[in-house]
Amino acid sequence: MQVTGSERIVELDVRTQDVDINMGPQHPATHGVLRVLLRADGEILTGAQSHLGYLHRCAEKIGENVDWVQYLPYTDRYDYLSAMNNNLGYSLAVEKLLGQDAPERAQYLRIILVELNRIASHLVAVGTYGLDVGAFTPFFYALREREMLLEIFERICGARLTYTFIRPGGVMNDAPEGWFDQVAAFTEVFDQKWPDYWNLLVENKIFIERTANVGVLSEEDAIAWGATGPMLRGSGVDWDIRRDQPYLLYGDLDFDVIVGKGYRGSVGDCFDRNYVRMFEMVQSNRIVRQCLDRIREGEVQNEEVGMSFACPPGRSYVGIENPRGELGHWLVSDGGKIAQRCRVRAPSFVNLAVVEHMLPGCMLADAAAIIGSVDIVIGETDR
Amino acid sequence: MNHFKQDSGWGSSASILEAAEKTLASLQSAGFSVELRVPNLPLLAPDGEAKRLKKKAKEENPEYEWRGDSYIVLKDSASLLDVCRHLRDELGWEQLIDCTAMDPSAESGELLGCYQFLSLSLKARLSIEISISKESPEVQSVTSIYLTADWHEREASEMFGITYSGHPDPRNILLPDDWEGFPLRKDYEFPEEYHGVSCK
């Protein structure tokens, strides 16, 4: 086709061939073993296809073959950055089938632990997101505070990553002496250090240029694609399960839900998603402080629930607010000691699905920024 | 034992029941053939019940007593698409949170397809089940209404051998393309080897 202007003739049909580019499975920006097949026309992406399953460990099949409590360690392994939250989601679903509750002290301990775990998880998310867009230093600052948290976890349950601490009916053991002081010290330190990440990373001009107006996910798309967690809130939807369908004692606690408003660009861009994570850490810290004030002496395990039990027949679905979105466990019992069906609704799996549709039309260099902003953990997408 | 917060929090089975009852009435008046299943055990178990059930499970299976969430059974699975459209457009169930299936037992002639809905405006949840015969496991795909069903249906399809008619891209997602059998069916037999790698 030729367009004849007043002075010159412009050729518009210079055709180039689209190039297929393999991103992953070992690409560092895919945060694990994810392979994204990109198709690019020059610098512009024209298509994307995710290939997953490299880390598929058959968690749902295992759930149909082991006892209710024996399955608990497997929950640690889906989202290994927030294992406490995974333990909690599964334990609540089992408790719902049993019709049992955890004692008050155990509930506060659970909230403290899952919120600390949320901070640890978001620190990795924000730190590695800096790596994805070219900022190396903030990652080490983030890991410095995460190290304090891992020591707190190690002290209470002996493990740094896969805890198996929260279990049906309560928690494994009470906190050791001085543990609450250690947590209180962390909340102080974290408040002092948080501005470092803000100044080093989020307010950095290069970071804003790389993330603002990039990978925009509209509110309608976020809802239609089933996005949850920071991905949904980043797109401007005011929804948090902790506030809107409270579990544990969240209904009594005071915290704000952070929603993306297009702070540096448009609503639902990569900057907003990162912004939501940054401020959620502050809110989690607030929740931990409130729990430290309220926790009283008492039991930490419901004696009715032992280590080996049969659940009454029935179905229970429990969705909780994980750092990455809604982690749902749909358990079906036929009255036995083993689940008939153990379905895991993994937030990363669902949030990743929309990426294929966000990438076309973006620049090739933004692919890493967009995939990173979803904050996926491959252990969870593949289960 | 300190039982508290009975009707709020995770034990919101009461709110699930309330939402299910309202939805049921609307679906029935729209002419769909639906049925509500409500648990008949109390939400919170009285002291000692766990021990009783543990003992009882050894003797017999108390099928008539169950606990947990109530759910709606859709008797005519051919009306699934219309029901989903009605749920989203008329009743405000904006999100399909999960879509999966289950195999009750190796002897059973049917699979169950399960759909979990979430309404951000009503702050409520809903669960719908349909039955799928094992002889011709075919269901309508709901991707045209809830985009998120895409990957969920691909997963259920490879794990249970269900064909979702109308699915835009029915490839395997977690399993390799040449995997044989449907792993989450109860009559699945683990393979001896896969491409020369021993699986035992």
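The values are calculated or read from the model by the stated rules, or taken from the named source; none is laboratory data. Everything quoted here is computed from the prediction, not taken from an experiment. All Cβ positions, even for glycine, are placed from backbone atoms using ideal geometry, and neighbour counts span all protein chains on display. Please note that ligands, DNA and RNA were not included when accessible areas were found on the heavy atoms of the full protein model with its side chains. Shrake-Rupley method; radii C 1.70, N 1.55, O 1.52, S 1.80 Å.
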Expected field for A:T128, accessible surface area in Å² at 1.4 Å probe radius, rounded to 10, holds 30
Could you state how much accessible area B:E192 has, in square angstrom rounded to the nearest 10, with a 1.4 Å probe and all protein chains kept in place? 130
Amide H contacts under 5 Å for B:D98, restricted to residues at least 5 apart in sequence or on another chain and with H modeled in the peptide plane, are B:Q116
Binning every alpha carbon pair distance of region A:45-125 at 10 Å from zero, what are the percents per bin? 15, 38, 30, 12, 4, 1
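How big is D for region A:232-272, in µm² s⁻¹ as a whole number, if Stokes-Einstein is applied with the Kirkwood radius of its Cα pairs at 4 °C and 1.567 mPa s? List each step's numbers first, then the result.
Values: Rh = 11.1 Å.
D, rounded to a whole number, is 117 µm²/s.
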Per residue, how big is the convex hull around the C-alpha atoms of region A:161-312? Give it to me in cubic angstrom, could you? 166
Computed about the Cα centre, the charge dipole of chain A from +1 Lys/Arg and -1 Asp/Glu charges at the Cβ has a magnitude in debye, to the nearest 20, of 540
Mind checking A:304-312 for the average number of partner chain beta-carbons within 10 Å of each residue's beta-carbon? 5
Area of B:E21 that stays accessible when all protein chains are in place (1.4 Å probe, Å², to 10): 100
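Need one number for region A:56-382: average projected area of the convex hull over its C-alpha atoms, nm². Numbers along the way, then the final one.
Details: hull surface 61.5 nm².
Taking the Cα atoms of region A:56-382, their convex hull projects to 15.4 nm² on average.
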With each pseudo-label sitting 7 Å past Cα toward Cβ, what's the A:I21-A:N173 distance in nm, one decimal? 5.1
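Which number comes out as Rg/Rh for the protein assembly as shown once both Rg and the Kirkwood Rh are worked out on C-alpha atoms?
Numbers: Rg = 24.2 Å, Rh = 24.8 Å.
In the protein assembly as shown, Rg relative to Rh is 0.98.
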Roughly speaking, to the nearest percent, how much of chain A's 1.4 Å accessible area is carbon and sulfur? 51
Under 5 Å between amide hydrogens, which residues at least 5 positions from A:R167 or on another chain qualify, with H placed 1.01 Å from N in the peptide plane? A:M172
Drop in accessible area of at least 10 Å² in the complex versus isolated chain, residues of region B:168-196, 1.4 Å probe: B:R171, B:I173, B:L174, B:L175, B:P183, B:L184, B:K186, B:F190
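Dividing the Cα convex hull volume of region A:305-383 by residue count, how many Å³ per residue is that? Mind dumping the intermediate values first?
On the way: hull volume 8.5 nm³, N = 79.
Cα-based convex hull of region A:305-383, divided per residue, equals 108 Å³.
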Once region A:30-176 is represented by equal point scatterers at the alpha-carbon sites, with solvent omitted, what log10 I(q)/I(0) does the Debye formula produce at q = 0.13, 0.20 Å⁻¹? -0.72, -1.22
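Per residue and in cubic angstrom, what volume does the convex hull of the Cα atoms of region B:131-200 have? Walk me through the intermediate numbers first.
Working: hull volume 6.7 nm³, N = 70.
Given the Cα convex hull of region B:131-200, per-residue volume reads 96 Å³.
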Residues whose modelled amide H sits under 5 Å from the amide H of A:E326, counting only those 5 or more places away in sequence or on another chain, are A:T228, A:G229
Shielding of A:239-246 by partners, i.e. mean partner chain Cβ atoms within 10 Å per residue? 3
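Leaving ligands and nucleic acids out of the surface, order A:C157, A:C311 by accessible area at 1.4 Å, largest first. Don't skip to the answer; put the middle values down first.
Values: A:C157 25, A:C311 0 Å².
Accessible-area ranking of A:C157, A:C311, largest first: A:C157, A:C311.
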